1. Does the stretch 86-104 hold any residues that are modelled with pLDDT of 95 or more and in contact with a Lys or Arg (Cβ under 8 Å, 6 or more places away or on another chain), and which are they?
2. Please work out which one of (1) among the charged types (D, E, K, R); (2) open to solvent by less than 70 Å² (accessible area, probe 1.4 Å); (3) without any contact (Cβ under 8 Å) to a residue 24 or more places away in the chain is the condition Arg6 fails and give its number.
3. Could you grab me the full set of residues in the stretch 72-97 that are open to solvent by 30 Å² or more (accessible area, probe 1.4 Å) and in a loop (DSSP other than H, G, I, E, B)?
4. Mind listing just one residue for me: the one in the stretch 143-192 that is in a loop (DSSP other than H, G, I, E, B), acidic (Asp, Glu) and modelled with pLDDT under 95 and, of those, least open to solvent (accessible area, probe 1.4 Å)?
5. Looking only at helices (runs of 4 or more DSSP H) that lie completely in the stretch 15-71, which have at least 3 residues being surrounded by fewer than 14 Cβ atoms within 10 Å (Cβ to Cβ)?
Amino acid sequence: PMSNTRQTLRQNFLKLRKEITSEEQQLAAKKIIKRLAQSPLFQNSQHIATYIAINGEIDINNLFSLAWQQNKYCYLPVLTANESLQFVRYTAEDILKPNRFNILEPEVTPEKIIAPTQLDLVLTPLLAFDNHGNRLGMGKGYYDRTFTFLQSKHRPTKPYLLGLAYEWQKTNEMTPETWDITLDAVITEQSL
């Protein structure tokens, strides 16, 4: 029954997110990027994992140029054969190609890959979150599998996992599973 509630929750939030207008999406993204860019969290991070938004996720494309101007490195997630994520360096020159979920990915070459432990900041999209940093994703578990090392008793200080969300994605109905990796914080158009 646990996962059942989770499934319902997921469907509800997917539906809500699909109904977002592009104006609402752009406005929220603008506010979030501004808040993020001014935060010490972003300013002190050199290696930042980002993502390309799909289906109404917070669109952070305008963050890339900002990061590059400040000589920061951006990385995009690429799905691996064993169902986890590989983070691959992304520059303005890179041509992205759609993966099997139609999410754009950079081309993988060994020298562009960074170990997840080497990332300073990881920006993750999400469907829902709560006040305890629990994140509801798409249910594939890619982020959870990739960042299992953060579950150790003494959680490493990096990477810092930051969820990007709309304020309405906050819920009190979440029951975390044992394998869930909690977020360090969530940033919305209203607060951090």
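The values are calculated or read from the model by the stated rules, or taken from the named source; none is laboratory data. Given the structure is predicted, the values throughout are model-derived calculations rather than measurements. Positions of Cβ are backbone-derived with ideal geometry, glycine not excepted, and every protein chain shown enters the neighbour counts. We work out accessible area using only protein heavy atoms, side chains counted, and drop any ligands, DNA or RNA first. Shrake-Rupley method; radii C 1.70, N 1.55, O 1.52, S 1.80 Å.
1. Val88, Arg89
2. Here Arg6 clears every test but (3).
3. Within the stretch 72-97, Ala81, Asn82, Glu83, Thr91, Ala92, Glu93, Asp94, Ile95, Leu96 qualify.
4. Only one residue fits best here, namely Asp180.
5. Those helices (runs of 4 or more DSSP H) span 22-38, 61-69.
Yes/no per residue for (1) touching a residue at least 60 places away in the same chain (Cβ under 8 Å); (2) closer than 25 Å to Pro176 by Cα; (3) crowded, with 16+ Cβ neighbours inside 10 Å:
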residue: Glu105; (1), (2), (3): no, no, yes
residue: Leu123; (1), (2), (3): yes, yes, yes
residue: Asn131; (1), (2), (3): no, yes, no
residue: Asn134; (1), (2), (3): no, yes, yes
